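Structure first, commentary second.
The values are calculated or read from the model by the stated rules, or taken from the named source; none is laboratory data. Just so you know, these numbers come straight off a predicted model, no measurement behind them. Cβ coordinates were reconstructed from backbone atoms using ideal geometry, including for glycine residues, and neighbour counts include every protein chain displayed.
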Amino acid sequence: MCEGQKPLKVAVLGCGSVGSQVVRLLTEQAGDLAARVGTRVELAGVAVRRIDAPREVDVPEGLLTTDAAGLVSRDDVDLVIEVIGGIEPARSLILSALEHGASVVTANKALLAEDGPTLFEAAEKAGRDLYYEAAVAGAIPILRPLRESLAGDKVTRVLGIVNGTTNFILDKMDSSGAGFAEALEEAQELGYAEADPTADVEGFDAAAKAAILASLAFHSRVTAADVHREGISEVTAADVQSAREMNSVVKLLAIAELRPGPDGDAVSVRVHPAMIPRSHPLASVREAYNAVFVESEAAGQLMFYGPGAGGAPTASAVLGDLVTVARNHLAGTRGPGESAYADRAVLPMGETRTRYHVAIDVDDRAGVLASVAQAFAEHDVSIQTVRQEGRGDDAQLVVVSHEATDAQLSATVEHLRGMDIVREVTSVMRVEGDTE
């Protein structure tokens, strides 16, 4: 630590489950942080909605304020940590902090996925840092490896479980045979799911994270609006059982990959439930844990695993960014900013190549299988496997396709639904990995 070095002043926006843990770590680990940074790191203030609200930690007297705008514009504030979430006032506060000369550490995935370029441009103009490791997968260090460790490599695919709530629900459905509603209720009772779980179970949270991952991995601007999104609320116990019969599990996956496009490589980004073989590393990710699987040309396959949410794990990622940003501040430098030089196009979902698992209730009579196979062939979709189970007057066919465009596969399913021999298409789910 540099003797006589002026301490760095840190403002914290928000004192909820993450913000309170950030305040705790800043206080309890002050000595270690000073040694790692090179000078003392001191709290300048903590912005909250209500001064008298109950909190998980005691904030030092005199530091709480409801004037967030005034706090971030103070001349003595060197770094701002934003953990209030949402779009506004977070965006305005971050822009103000940068304009007034403070670097920013944020955990705000929704804002970065919606309007990241505005924030990056403001940081570039101000000559300040904008770091956001905590925005994706909690304590798991995934953004820094993509942004720095793999900067000399070409990442081709990022495949991840990035939402703990949905992973807990699907894991319970797999291990206990429970339906979606029953598993969701247990997740809410244990605190893994919010009272209104829409952002998690309908894939909005994962889609924001997928956009951030794709932007970093492929050096292109990708927003949440570019991400094809499907949630897990329509996943049934029968879907999970069918996956089990294929020695597979159902996971909500965030998938970002390079695919051939009309003008070179293009980016495909999607979030949806999918069946993956139990032999895949992601299949063993249980309960509310997260994991991200990265594939690159030189490094090959890498997997990052750990707690993807929670106050203390997320605060760990925030403090890691804070140390880096503080060191940069003392050195008069800044870390890497936005890398969007590749400017790759984002493929529409219909052009993305994938595979389908389709369960079909059909009349149990001669020629049905051939007619179903013909429907697939008419849309240029080949069949990998087919399984038939008789049920008296009707039967169920379970078909797994080879890879085709999503548009071809969707058209095939619509064709099947219009056939006289098909009583119902009971399940349609995408398949990732080799299930043979």
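Which ones in the stretch 67-99 are of a type in the set (Val, Ile, Thr) and over 23 Å from residue 110 (Cα atoms)? Working first, answer last.
Initial filter on the stretch 67-99 (of a type in the set (Val, Ile, Thr)): 72, 77, 80-81, 83-84, 87, 94.
Listed by number, the list holds a single entry, 77.
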Task: Pair list, Cβ < 9 Å and 6+ apart or interchain, from the stretch 381-395 residues that are under 15 Å from residue 421 (Cα atoms) and at pLDDT 85 or above to residues that are among the acidic types (Asp, Glu) and part of a strand (DSSP E or B) - done: 395/361; 395/363; 395/389
Open item on the list: Show me the helices (runs of 4 or more DSSP H) entirely contained within the stretch 30-129 in which 3 or more residues are surrounded by fewer than 15 Cβ atoms within 10 Å (Cβ to Cβ), over 28 Å from the mean Cα position of the chain (by Cα) and not basic (Lys, Arg).
Closed with: 30-37
Task: Hey, residue 177 outside the structural domain of residue 89 (by TED's automatic domain parsing) and within 27 Å of residue 340 (Cβ to Cβ) or not - done: no
TODO: Grab the strands (runs of 3 or more DSSP E) fully contained in the stretch 352-436, keeping just those with 3 or more residues being hydrophobic (A, V, I, L, M, F, W, C).
DONE: 353-363, 394-401, 422-431
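Taking the condition of being of a type in the set (Val, Ile, Thr) and part of a loop (DSSP other than H, G, I, E, B), how many residues in the stretch 219-261 meet it? Give the derivation first.
Initially, the stretch 219-261 is screened for residues of a type in the set (Val, Ile, Thr), giving 222-223, 227, 232, 235-236, 240, 249-250, 255.
In the following step, the residues that additionally are part of a loop (DSSP other than H, G, I, E, B) were identified as 222-223, 227, 232, 235-236.
Total meeting the criteria: 6.
With 191, 231, 203 as the choices, which residue is out of contact with any helix residue (DSSP H, G or I) (no Cβ under 7 Å at 6 or more places or on another chain), among the small types (Gly, Ala, Ser), within 17 Å of residue 290 (Cα to Cα) and buried (at least 17 other Cβ atoms within 10 Å of the Cβ)? Don't jump to the end; show me each part of the working.
Values: 191 fails: buried (at least 17 other Cβ atoms within 10 Å of the Cβ); 231 fails: out of contact with any helix residue (DSSP H, G or I) (no Cβ under 7 Å at 6 or more places or on another chain).
Just one listed residue meets the conditions, 203.
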Open item on the list: I'd like to check something: does the stretch 335-342 contain any residue that is under 30 Å from residue 101 (Cα atoms) and not in a loop (DSSP other than H, G, I, E, B)?
Closed with: no
TODO: Would you mind stating whether residue 342 is closer than 18 Å to residue 214 by Cα, outside the structural domain of residue 215 (by TED's automatic domain parsing), surrounded by fewer than 15 Cβ atoms within 10 Å (Cβ to Cβ) and of a type outside the set (Asp, Glu)?
DONE: yes
